[in-house]
1. If each DSSP helix of 4+ residues adds -39,500 (n - 2.57) and the sum is divided by the residues in the chain, what number results at 222 nm, nearest 500 deg cm²/dmol?
2. Check which residues have an amide H placed less than 5 Å from Gly103's amide H, if you skip close sequence neighbours.
3. What is the P(r) of the range 6-53, as percent of Cα-Cα pairs per 5 Å bin from 0?
4. Excluding the sites themselves, what is the longest stretch of the chain that contains no GluC sites (Glu not before Pro) in a DSSP loop with at most 15 other C-beta atoms within 10 Å?
5. Rg to Rh for the range 1-94: what is it, with Cα atoms only and Rh by Kirkwood?
6. Assuming R0 = 22 Å, can you tell me the calculated FRET efficiency for the pair Arg28 and Asn116, based on Cβ-Cβ distance, to the nearest 0.05?
7. Using the alpha carbons of the chain, what is the convex hull volume per residue in cubic angstrom, as a whole number?
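None of the figures in this text is laboratory data; all of them are computed from the coordinates on show. The shown structure was predicted, so the numbers you read here are calculated from the model rather than taken from an experiment. Please note: Cβ atoms are built from the backbone with ideal geometry, for glycine as well, and neighbour counts cover all protein chains shown.
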Amino acid sequence: MSLLPKSLSQVIEGFERLPGIGPKTAQRLAFYLLHVPQEELDRFAESLKGLKSHTLLCGICKNVTAEDPCLICSNPNRDTSTLCVVEQPTDVLSIERTGKFKGLYHVLHGSIDPLNNIGPDEIYLADLIKRLTKSSYPVTEVILATNPNMEGEATAMYITKQLNELRITNGELRITRLAHGLPVGADIEYADEVTLARALEGRREY
């Protein structure tokens with residue numbers, strides 16, 4: 001029998017299902033919310049309720065946005081000849097903070113991970129190929145900014161294999177990979193701006 005009220009236990013269980021949240025952290029968060037004023041708690045609950053209904057994926061780059069196309073894709077000052085492929089929307093935020101990249105993005109929403117039954121069809125890879133083959137503006141460089149871990153490398157290799165076929169029809173297409181300024185096994189989301197900027201500037205042919 002639980003010593004906690006059912007409502008509190010349910011909140012704790014909800015937090016435990018979030019990535020990176022263990023039982024103790026979940027308890028601390030739930031007990032913290034008990035001391036938050038009801039008005040603030042109501043605003044937080046409304047924000048959660050509107051999280052999915054008030055957001056969508058950009059029809060071009062698949063980034064999370066409130067309008068379609070997103071602010072980056074609709075910006076006429078972006079360099080349309082360079083496309084940076086990332087795993088998650090949070091990677092876009094990290095790269096944008098460097099102020100060094102002025103091109104466009106394509107968000108995969110994951111990486112190839114056979115151990116967890118995630119193949120090419122479970123992420124937005126087909127949309128990337130379609131975008132490159134049917135775009136009204138020529139893309140001359142694709143930067144593979146997947147994470148430097150096993151899944152990220154497997155995804156980068158798969159994309160390279162697919163894009164090599166496009167090189168036959170588009171000889172100007174370059175495929176580059178972020179430089180090794182990023183530690184192996186690290187996530188781009190957690191890299192600092194200086195490290196990311198150097199990785200962008202030192203990117204290599206892939």
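1. Estimated from H runs of four or more residues: -13500 deg cm²/dmol.
2. For Gly103, the qualifying residues are Asp79.
3. 4, 21, 24, 27, 19, 4, 0
4. Value returned for the longest uninterrupted segment is 68-171.
5. Numbers: Rg = 18.9 Å, Rh = 16.6 Å.
On the Cα set of the range 1-94, Rg over Rh gives 1.14.
6. Details: r = 29 Å, r/R0 = 1.30.
Once rounded, the FRET efficiency stands at 0.15.
7. Measuring per residue, one finds 162 Å³ for the Cα hull of the chain.
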